[in-house]
1. Could you tell me which of the residues T286, T330, T266 is closer than 30 Å to S217 by Cα and among the hydroxyl-bearing types (S, T, Y)?
2. Does segment 10-53 hold any residues that are acidic (D, E) and touching a helix residue (DSSP H, G or I) at 6+ places or on another chain (Cβ under 9 Å), and which are they?
3. Return the pair list, or none, for Cβ contacts closer than 9 Å from residues in segment 401-425 that are within 11 Å of I444 (Cα to Cα) to residues that are open to solvent by 40 Å² or more (accessible area, probe 1.4 Å) and of a type in the set (S, T, N, Q), at least 6 apart or on different chains.
4. Could you grab me the full set of residues in segment 185-219 that are among the β-branched types (V, I, T) and either exposed (fewer than 14 other Cβ atoms within 10 Å of the Cβ) or not in a helix (DSSP H, G or I) (or both)?
5. Looking for something under 22 Å from I18 (Cα atoms), open to solvent by 60 Å² or more (accessible area, probe 1.4 Å) and not assigned by the TED database to the domain that holds L28 - is there at least one such residue anywhere in segment 223-234?
6. If L240 meets every condition in (1) of a type outside the set (K, R); (2) in a helix (DSSP H, G or I); (3) farther than 19 Å from S68 by Cβ; (4) out of contact with any Pro (no Cβ under 8 Å at 6 or more places or on another chain) apart from one, which number is that one?
7. Look at R119 and say whether it is under 26 Å from I17 (Cα atoms) and either at pLDDT below 80 or not β-branched (V, I, T) (or both).
8. Identify all residues within segment 34-62 that are under 19 Å from L94 (Cβ atoms), assigned to a helix (DSSP H, G or I) and open to solvent by less than 70 Å² (accessible area, probe 1.4 Å); write none if there are none.
Amino acid sequence: TDEIMQQEIRPLVAVDIIEQLHRQFAILSGGRGKDGAPIITFPECAGFSDIPDEDFLNVVTYLTSIPSLEAASIGFIIIIDRRRDKWSAVKASLTRIAGAFPGNLQLVFVLRPSRFIQRTIADIGIKLYRDDFKMKVPIIMLNSVSDLHGYIDKSQLTRELGGTLEYGHSQWIHHRTAIENFAMTVKTTAQMLQTFGTDLAETELPNDVKCTEELLSAHTDHHSKLKDELKLAVKQGATLLTCIREPVTRSANSKLSPDELENVATVERLLAQLDETEKAFDQFWTKHHLKLEQCLQLRHFEHDFREVKLVLDNLMEAQASFADIGDSVTRVENFLKEQKQLEEKGQEPLEKAQSLALHGEQLIQNNHYAVDSIRPKCVELRRICDDFTNETKKKYDILGKSLELHKQLDKASQWCEAGIYLLASQAVDKCQSQEGAETALVEIEKFLMTAKEHQLSNPKEFYNQFDMILTPEIKANAQRIVQKLEDVQEMFDKRQVSLKKLAAKQTRPVQPVAPHPESSPKRGSPKTTRPA
């Protein structure tokens, strides 16, 4: 029903009645009356009475629709040229026009038959039948075109009517067809742009890179084709405008008729409409294209984020697995080596994460529409990078402390073994003399000096320094070594006391003992004194 309604209300165009127009039984030459009224001429036409009513109505309706509303409101002037015809033709023409003319009439001029008898019949007939024509406007019977010139200026009449107005019917039809085709092109183009714009506005943005790229490519291709259509339409309008203005361009003395000037105005208006449509479309496309590009940027960002975060999560998981701080120098050194390898392995992902976070911040600065989605991801990337960096530093600190602890424990253990070996190597018989005892004391004091070099002069302080990183196993080992240190120190202390007593005893003078008076020299050998 809607299609039928649209067909019914669609105005006539030249192409619909092209055959009837070519019969040239009625023309709109472009001339105007003194008050600007449009002139429709009915030239001499042999088969005028044979024209079907529908064809007549269509042509007259079409011609009256061409002038502007302002000109049409003044009223049309009709010139009926029947100079070579009979009164019956005049009567038939007036009757048909009176019954079917769709416009507002102002005047009717009739160039009556030129032959004497027909002119006489016409004069009588017009008096007798004027009321039958049902026309509320004057019907002026004219004997010649000279009489017509008294009412209408010759510049507004064609050569057939003794005027100077240039008119070619074939060219007129061509111009009308071209103007209407151009108007239809402008309308169709505007509809295509509107449909495309609606499709764009209703398009849901894809959730992955591939679909977004395909959508962007498809929309861009469609946009390029529509822009080509626009260019062709503008070129069509410009060419048509040149054709309409061609008489003026060819001759400076030529002037366009009012209808031709209206044609120029119509084409210029259509071109302006086309320009406005294109500007509006370009403005909309710029926004839509930007949104599609930003959508593609977002999908790339999200894809890269997922990849980088997966690697970072694996790094953090691997780092969390390094919970052991080692129970020996060798183990700690291996852990440090593994930590170094993990740090080197994480260098590239960390750089990618920092770069991706920077890219996300740039998108935000460029007024990306998905700020609420991008910003949290940038924060997350930087947090993971900071966590990994801080945790790596913490691991290095702990392992470094552990390495230092085990080195110190190893040195302390070695010192204890060396001390025990030193004490064991001091022969008891050599220490009986003053010189031997003093030598042994010097060796012990010299050895005890090395305890300060290894920071073992205060075992409890040494233990407290590393208490925060001690595991139960390491703490037990440290306690054992600290106890060993104390034991060795005690051994040295006791040895020093003993050696100092020996050295002091040997320094006292020896008193000579006189033989006992009751002792007899004849008895056995003197009594042997047991050493202290």
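The values are calculated or read from the model by the stated rules, or taken from the named source; none is laboratory data. Note that this is a predicted model, so its numbers are computed, not measured. A quick note on method: Cβ atoms are made from the backbone with ideal geometry, for glycine too, and the neighbour counts reach across all protein chains shown. Protein only, heavy atoms only, side chains kept; ligands, DNA and RNA dropped before computing areas. Shrake-Rupley method; radii C 1.70, N 1.55, O 1.52, S 1.80 Å.
1. Just a single option satisfies the conditions, and that option is T286.
2. Scanning segment 10-53 gives D16, E19, D35, E44, D53.
3. Here the result reads G419/Q489, each pair linking segment 401-425 to a residue that is open to solvent by 40 Å² or more (accessible area, probe 1.4 Å) and of a type in the set (S, T, N, Q).
4. T188, T195, T198, T203 - these are the residues of segment 185-219 that are among the β-branched types (V, I, T) and either exposed (fewer than 14 other Cβ atoms within 10 Å of the Cβ) or not in a helix (DSSP H, G or I) (or both).
5. no
6. For L240, the exception is condition (3).
7. No.
8. F48, D55, F56, V59, V60, T61
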